[in-house]
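Q: A single structure is presented below for examination.
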Amino acid sequence: MISLHYGGLRLKSRYLLSPLAGFTNLPFRRIVHELGGVGLGTTDLVNARSLLERRPKALDLIATHPDDSPFAVQIFGHDPCCMRDAAQFLEEYGVDSIDINMGCPVDKVTKTGGGSALMRLPICDVGGPVDDFQLCHSADAAEGTPLAPSAVATLVRSVVDAVRVPVTVKMRLGWDETQITAPRFAREFEQAGVAAIAIHGRTRAQGFSGSVDRSGIRRVVEAVERIPVIGNGDVRTVDDAARMLDETGCTGVSIGRGALANPWIFRQLVQWEQTGTYDPPGGFDDRLQLLRRQFAYLCELHPEPRAIVMFRKMGHWYLRGMRVRPHLRHQFQLAATSSELEVALAAIQTAGPHGVSRSGVLPDLHVPVPSGPVERW
Ligand SMILES: Cc1cc2nc3c(=O)[nH]c(=O)nc-3n(C[C@H](O)[C@H](O)[C@H](O)COP(=O)(O)O)c2cc1C
């Protein structure tokens, strides 16, 4: 099997779970690891400042378990000192790797200067080295003012230098089609010491529209000298992953929405790599079993009433994809205790899917993404 290393960390495969805020929580990551084939799971993006303030929500997001190994935490922010301190906290906490978010297009994140806003060029790109004093005071600049690219590279270096675990960056191709900054940043971040770059082949302005630009990903692969580049975007099947590897020359592939729709995809990819063929994904009953297990894992983290409320979103999405009839989905949503939930699930199991075969492959599941002008996300 082709191996993938993040610095000294050998990943279990070169197929990685991409963070999907609200979905790729610990219970889901455990499920994916149990099904096999995944090289690394990453948490949802976590605000670096909230981690330093030990906010309960941020601490919830970094919860882990021995089955969730190896695991990375993704942080976002634009204040270099805050990012550095958060990274040190995470290292002490025991993460295997730290990922810096430079891809999030959501306004709440970009207006503070974090996420994909870090890829934006300022009107005057001043360049040149930035010293530690400037670095720690660059955060005092008006929030949302783009940092100079040299300051972004220095931010990344300050995180890399502060920890021994590998640091990676996940980014988009750039802010918009006039600012395709990913190749340049990838090169600079490699020099700053990052262990890998993951690249979603869309610009921030594209949001999730259109299709992924694999030639843009290829340019990032060509821009770096030795670190692995992880291609990301629109991989839903083994054929899609093969195309990503083939057309971009990337070392690994990370999969987000495709893994939610088919959590068996990592196992399929490893089987394909080893034998040229692969088993079909699980069917209706396997999915229902995953759903029950995921809920049990959530109950290990939260008291039952909270776990039930938290599980409604994931459950809604799962059950729609499983073609469960609306009245049964409604019954699931009304359950207020785990025994009511079990009654609802038993009814769902008896009824089976609507309009598709119980043992066959479930139809492609659609994961909702924000829509409308990206400026209003
Ligand atoms: C609902 C949702 C939440 C996401 N949350 C994150 C996140 O927290 N951090 C991040 O880097 N990317 C996030 N992404 C982007 C994905 O990781 C990924 O780059 C993108 O969905 C394209 O890959 P895919 O086609 O395999 O899903 C999110 C995407 C979606 C749809």
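Q: Kindly evaluate V194 against the criterion of being assigned to a loop (DSSP other than H, G, I, E, B), surrounded by 15 or more Cβ atoms within 10 Å (Cβ to Cβ) and more than 12 Å from the ligand (Cβ to nearest atom).
A: On the way: assigned to a loop (DSSP other than H, G, I, E, B): yes; surrounded by 15 or more Cβ atoms within 10 Å (Cβ to Cβ): yes; more than 12 Å from the ligand (Cβ to nearest atom): yes.
So V194 passes the test.
For every residue, the table says whether it meets (1) more than 27 Å from G7 (Cα to Cα); (2) β-branched (V, I, T).
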{"position": "H200", "(1), (2)": "no, no"}
{"position": "A205", "(1), (2)": "yes, no"}
{"position": "E225", "(1), (2)": "no, no"}
{"position": "I230", "(1), (2)": "no, yes"}
{"position": "G233", "(1), (2)": "no, no"}
{"position": "R243", "(1), (2)": "no, no"}
{"position": "E247", "(1), (2)": "no, no"}
{"position": "T251", "(1), (2)": "no, yes"}
{"position": "S254", "(1), (2)": "no, no"}
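Q: Just to be sure I understand, how many residues within the range 1-18 are basic (K, R), in contact (Cβ under 8 Å) with a residue 24 or more places away in the chain and more than 16 Å from the ligand (Cβ to nearest atom)?
A: 1
Q: Which condition breaks for A241 when tested against (1) under 17 Å from G282 (Cβ atoms); (2) at pLDDT 95 or above?
A: Only one criterion is unmet by A241, namely (1).
Conditions tested, residue by residue: (1) closer than 30 Å to T237 by Cα; (2) in contact with a His (Cβ under 7 Å, 6 or more places away or on another chain); (3) of a type in the set (G, A, S).
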| position | (1), (2), (3) |
| --- | --- |
| L319 | yes, no, no |
| R323 | yes, yes, no |
| P326 | yes, no, no |
| T337 | no, no, no |
| V343 | no, no, no |
| A346 | no, no, yes |
| V356 | yes, no, no |
| S359 | yes, no, yes |
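Q: Follow-up question, since we're still on this one. I'd like to check something: does the range 267-287 contain any residue that is modelled with pLDDT of 95 or more and within 16 Å of the ligand (Cβ to nearest atom)?
A: Yes, the range 267-287 contains at least one residue that is modelled with pLDDT of 95 or more and within 16 Å of the ligand (Cβ to nearest atom).
Q: What are the residues in the range 51-67 that are part of a helix (DSSP H, G or I) and surrounded by 19 or more Cβ atoms within 10 Å (Cβ to Cβ), if any?
A: The initial filter retains those residues of the range 51-67 that are part of a helix (DSSP H, G or I), namely 51-52, 56-61.
Within the range 51-67, L51, A58, L61 qualify.
Q: Residues to consider are R306, R293; find the one that is at pLDDT 95 or above, surrounded by 12 or more Cβ atoms within 10 Å (Cβ to Cβ), more than 16 Å from the ligand (Cβ to nearest atom) and of a type in the set (K, R).
A: Numbers: R306 fails: at pLDDT 95 or above.
The match here is R293.
Q: Cβ-Cβ distance below 7 Å, separation of 6 or more or different chains: which pairs start in the range 19-30 with a residue that is closer than 13 Å to A259 by Cα and in a loop (DSSP other than H, G, I, E, B) and end on one that is within 13 Å of the ligand (Cβ to nearest atom) and among the hydrophobic types (A, V, I, L, M, F, W, C)?
A: Cβ pairs passing all conditions: P19/L45; L20/L260; F23/L260; F23/M314; T24/L17.
Q: Among the residues of the range 285-313, write down those that are without any contact (Cβ under 8 Å) to a residue 40 or more places away in the chain and among the aromatic types (F, W, Y).
A: Of everything in the range 285-313, just one residue is without any contact (Cβ under 8 Å) to a residue 40 or more places away in the chain and among the aromatic types (F, W, Y), namely F311.
Q: Continuing with this model, one more query. How many residues are at pLDDT below 85 and either under 14 Å from V46 (Cα atoms) or in contact with a Leu (Cβ under 8 Å, 6 or more places away or on another chain) (or both) if we restrict to the range 77-105?
A: The initial filter retains those residues of the range 77-105 that are at pLDDT below 85, namely 103-105.
Imposing the further condition that a residue be either under 14 Å from V46 (Cα atoms) or in contact with a Leu (Cβ under 8 Å, 6 or more places away or on another chain) (or both) reduces the set to 103-104.
Of the residues in the range 77-105, 2 are at pLDDT below 85 and either under 14 Å from V46 (Cα atoms) or in contact with a Leu (Cβ under 8 Å, 6 or more places away or on another chain) (or both).
Q: Looking at (1) of a type in the set (K, R); (2) modelled with pLDDT of 90 or more; (3) under 18 Å from the mean Cα position of the chain (by Cα), which one does R49 not meet, given that it meets all the others?
A: That leaves (3) as the condition not met.
Q: Out of (1) more than 14 Å from the ligand (Cβ to nearest atom); (2) out of contact with any strand residue (DSSP E or B) (no Cβ under 7 Å at 6 or more places or on another chain), the odd one out for F185 is which?
A: With (1) more than 14 Å from the ligand (Cβ to nearest atom); (2) out of contact with any strand residue (DSSP E or B) (no Cβ under 7 Å at 6 or more places or on another chain) applied to F185, the lone miss is (2).
Q: In addition: May I ask you to list the residues in the range 157-188 that are within 19 Å of the chain's Cα centre (by Cα) and within 21 Å of T42 (Cβ to Cβ)?
A: Passing the criteria: V165, P166, V167, T168, V169, K170, M171, R172, L173, A182, A186.
The values are calculated or read from the model by the stated rules, or taken from the named source; none is laboratory data. On a predicted model such as this, the values are computed, not experimentally measured, just so you know. Positions of Cβ are generated from backbone atoms using ideal geometry, with glycine treated the same way; all protein chains shown enter the neighbour counts.
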